[in-house]
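Novice: So that we are looking at the same thing, I have put the structure below in structure tokens.
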Amino acid sequence: MLKIFLPSYSKKGVFQNSVLLVLSLLLITSCWSPKKAKKIFESQITEAPFDALIVPGVPYNGDGWDTIMKLRVHWAQYLFEQKKATHIIFSGSAVYSPYYEGKIMRQYAIAMGLPADKLFAEIQAEHSVENVYYSILKGKELGFKTFALATDPYQNYFMKDVFDKRVEYLYFLPFDYDIMSSIEMVDPIIDAEKSKASKFVPITERESKWQRWRGTTGKNVDFDKL
């Protein structure tokens, strides 16, 4: 995953220019044009409101959130506040660092003002496909029936290819670049230690590159359960 860190600026205009730069770089890595991402978003958002947004995690280093995580959480906040979904499931285990990604994102979302009782953390997933898979299973346990993946175009493109023909109640909401460029982003303070695993072994010590690739492509899950 491409990692880019935004500098902190006090002037909204300069900060938003930085966001546009990040989105442009995401665009290059995803091979998605703004027009294509917007088309997908506009076609899928017509099915809103969804019972839950699914937001995949990004490794957290303990010092601050990754730019990609920041963009994903702000995108989910926008969609929630626009009443496009009634709940949010943040997904991600402690994979490359000892912090549960799902819990970290939930902490940030609460600090940003979203209602805690509408936010859930899924902490079993260790790979992108698993983010969606385990979030759907958790959501079903909570009684949810429709889901939407709220993330960057690169991940949406990959997940759509995996799930589109398998799960008819899952929709895809890649960043709308026009909307994202207008969102004023914040950096709330959280107590990350509350989301730290007590026992942690990084996935690089538990799985080979081949095993991690199999996990990334969904070989570790049973799609028949969805």
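Only the coordinates and a few stated rules stand behind these numbers; no lab work does. Please read all numbers here as calculations on a predicted model, not as lab measurements. Heads up, the Cβs are rebuilt from the backbone with ideal geometry, glycines too, and the neighbour counts pull from every protein chain shown.
Novice: Might you check whether a residue that is crowded, with 16+ Cβ neighbours inside 10 Å, within 20 Å of A48 (Cβ to Cβ) and within 17 Å of the chain's Cα centre (by Cα) occurs anywhere in the range 185-202?
Specialist: Looking for residues that are crowded, with 16+ Cβ neighbours inside 10 Å, within 20 Å of A48 (Cβ to Cβ) and within 17 Å of the chain's Cα centre (by Cα), one finds none in the range 185-202, hence no.
Novice: Only one of S198, S135 is in contact (Cβ under 8 Å) with a residue 24 or more places away in the chain and at negative phi; which? Don't jump to the end; show me each part of the working.
Specialist: Details: S198 fails: in contact (Cβ under 8 Å) with a residue 24 or more places away in the chain.
Checking each option against the conditions leaves just S135.
Novice: A further question on this structure: Exactly one condition in (1) in contact with a Phe, Trp or Tyr (Cβ under 8 Å, 6 or more places away or on another chain); (2) touching a residue at least 40 places away in the same chain (Cβ under 8 Å); (3) more than 17 Å from I68 (Cβ to Cβ); (4) not aliphatic (A, V, I, L, M) is false for Y169; which is it?
Specialist: (2)
Novice: Turning to a different aspect of this structure: Tell me, which residue of the range 36-85 that is of a type in the set (S, T, Y) and touching a Lys or Arg at 6+ places or on another chain (Cβ under 9 Å) is surrounded by the most Cβ atoms within 10 Å (Cβ to Cβ)? Break it down stepwise before answering.
Specialist: Narrowing the range 36-85 to residues of a type in the set (S, T, Y): 43, 46, 60, 67, 78.
When the remaining residues are screened for being touching a Lys or Arg at 6+ places or on another chain (Cβ under 9 Å), the result is 67, 78.
Working: T67: 20, Y78: 17.
Taking the candidates together, the pick is T67.
Novice: For G102, state whether it is buried (at least 24 other Cβ atoms within 10 Å of the Cβ), in contact with a strand residue (DSSP E or B) (Cβ under 7 Å, 6 or more places away or on another chain) and not in a strand (DSSP E or B). Working first, answer last.
Specialist: Numbers: buried (at least 24 other Cβ atoms within 10 Å of the Cβ): yes; in contact with a strand residue (DSSP E or B) (Cβ under 7 Å, 6 or more places away or on another chain): yes; not in a strand (DSSP E or B): yes.
The answer is yes for G102.
Novice: Of all residues in the range 203-226 being of a type in the set (V, I, T) and either out of contact with any Gly (no Cβ under 9 Å at 6 or more places or on another chain) or under 14 Å from N131 (Cα atoms) (or both), which is surrounded by the most Cβ atoms within 10 Å (Cβ to Cβ)?
Specialist: Filtering first and then ranking leaves V221.
Novice: Another question about this same structure. How many residues are of a type in the set (A, V, I, L, M, F, W, C), in contact with a strand residue (DSSP E or B) (Cβ under 7 Å, 6 or more places away or on another chain) and under 20 Å from I203 (Cβ atoms) when one looks only at the range 65-97? Step through it out loud before you land on a result.
Specialist: So the first thing to find is which residues in the range 65-97 are of a type in the set (A, V, I, L, M, F, W, C), and the list is 65, 68-69, 71, 73, 75-76, 79-80, 85, 88-90, 94-95.
Applying the additional criterion that residues be in contact with a strand residue (DSSP E or B) (Cβ under 7 Å, 6 or more places away or on another chain) yields 73, 75-76, 79-80, 85, 88-90.
Narrowing the set further to residues that are under 20 Å from I203 (Cβ atoms) leaves 90.
Matching residues across the range 65-97 total 1.
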